[in-house]
């Protein structure tokens, strides 16, 4: 479960949930871990105790602009001692060509050096913001592992219908799947509700990409490896809102229930990916 996705959730408590209450809710709902942020030194002990008490795994997000910044982050992550992976949004959207490929190769090298998987996210406003460029980087940097979040490519490319050409480009990245962010775009908004039972028509293509990514991951994973699937439904302005009669803006969808629905979908696709991998 995304820690960012827990922001300002209304779970019937009438007041914001404490970090401990959020972690308890996440664990009781059956999530395996939290995708969050590296705690500040003064909060590190509380976070270790919180994760251990609820039996939760932990992955963190990083926002480096250089290999040096990532190395500093990995050093701190290593010291914290609970980090299973790092999801990296590399904040150099205008870096292209050989310099971009070198930076991504350096990211992969630092991941090996520090023994912490670093997955570069396919995200707008970052080094991977362009689908075509990202495919070229993946073909040049064979050690590059990706967090697949195709909501960014679908909204950036207005892929409310997915052409055969677009599908071919998207499929070319899936062999590099090392993590998946669960969120659906309709080609106009980056995050849309799935419906109460997952009836949104764009869920179908996303399920196909997630299942295919899982299948590719299975083909090269070691027995001790884990594939993070993060239910990452963000608060407004990611979440769509409307004004109610009192003039307050409310989210159109129940983010918590939608996250539980996504978790169930991910588990089903995981089972299906095992069948197609045989």
TODO: Residues being part of a loop (DSSP other than H, G, I, E, B) and either in contact with a helix residue (DSSP H, G or I) (Cβ under 6 Å, 6 or more places away or on another chain) or surrounded by fewer than 19 Cβ atoms within 10 Å (Cβ to Cβ) (or both): count how many of those fall in region 77-91.
DONE: 3
Open item on the list: Regarding region 171-179, can at least one residue be identified that is assigned to a helix (DSSP H, G or I), buried (at least 23 other Cβ atoms within 10 Å of the Cβ) and in contact (Cβ under 8 Å) with a residue 24 or more places away in the chain?
Closed with: yes
TODO: For residue 237, state whether it is surrounded by fewer than 14 Cβ atoms within 10 Å (Cβ to Cβ) and either within 21 Å of residue 162 (Cβ to Cβ) or in contact (Cβ under 8 Å) with a residue 12 or more places away in the chain (or both).
DONE: no
TODO: Considering every residue within region 147-168, establish whether at least one is in contact with a strand residue (DSSP E or B) (Cβ under 7 Å, 6 or more places away or on another chain) and farther than 30 Å from residue 257 by Cβ.
DONE: no
Open item on the list: Quick check on region 38-66: of everything there that is in a helix (DSSP H, G or I) and under 21 Å from the mean Cα position of the chain (by Cα), which residue is nearest to residue 95 (Cα to Cα)?
Closed with: 47
TODO: For region 192-201, indicate whether the set of residues that are loosely packed, with under 13 Cβ neighbours inside 10 Å and either under 17 Å from the mean Cα position of the chain (by Cα) or under 22 Å from residue 163 (Cα atoms) (or both) is non-empty.
DONE: yes
Task: From 74, 70, residue being in contact with a helix residue (DSSP H, G or I) (Cβ under 6 Å, 6 or more places away or on another chain), at pLDDT 95 or above, over 20 Å from residue 133 (Cβ atoms) and part of a helix (DSSP H, G or I) - done: 74
- [ ] Select, from 9, 56, the only residue that is crowded, with 17+ Cβ neighbours inside 10 Å and modelled with pLDDT of 95 or more.
- [x] 56
Task: Checklist (1) assigned to a loop (DSSP other than H, G, I, E, B); (2) in contact with a strand residue (DSSP E or B) (Cβ under 7 Å, 6 or more places away or on another chain); (3) surrounded by fewer than 16 Cβ atoms within 10 Å (Cβ to Cβ) applied to residue 225, failing item - done: (2)
TODO: Those residues that are assigned to a helix (DSSP H, G or I) and within 16 Å of the chain's Cα centre (by Cα), I need them from region 1-37; list them, please.
DONE: 4, 5, 6
- [ ] Check off (1) buried (at least 17 other Cβ atoms within 10 Å of the Cβ); (2) part of a loop (DSSP other than H, G, I, E, B) for residue 263 and give me the number that stays unchecked.
- [x] (2)
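The values are calculated or read from the model by the stated rules, or taken from the named source; none is laboratory data. Everything numeric in this text was worked out from a predicted model, so none of it was measured. Heads up, the Cβs are rebuilt from the backbone with ideal geometry, glycines too, and the neighbour counts pull from every protein chain shown.
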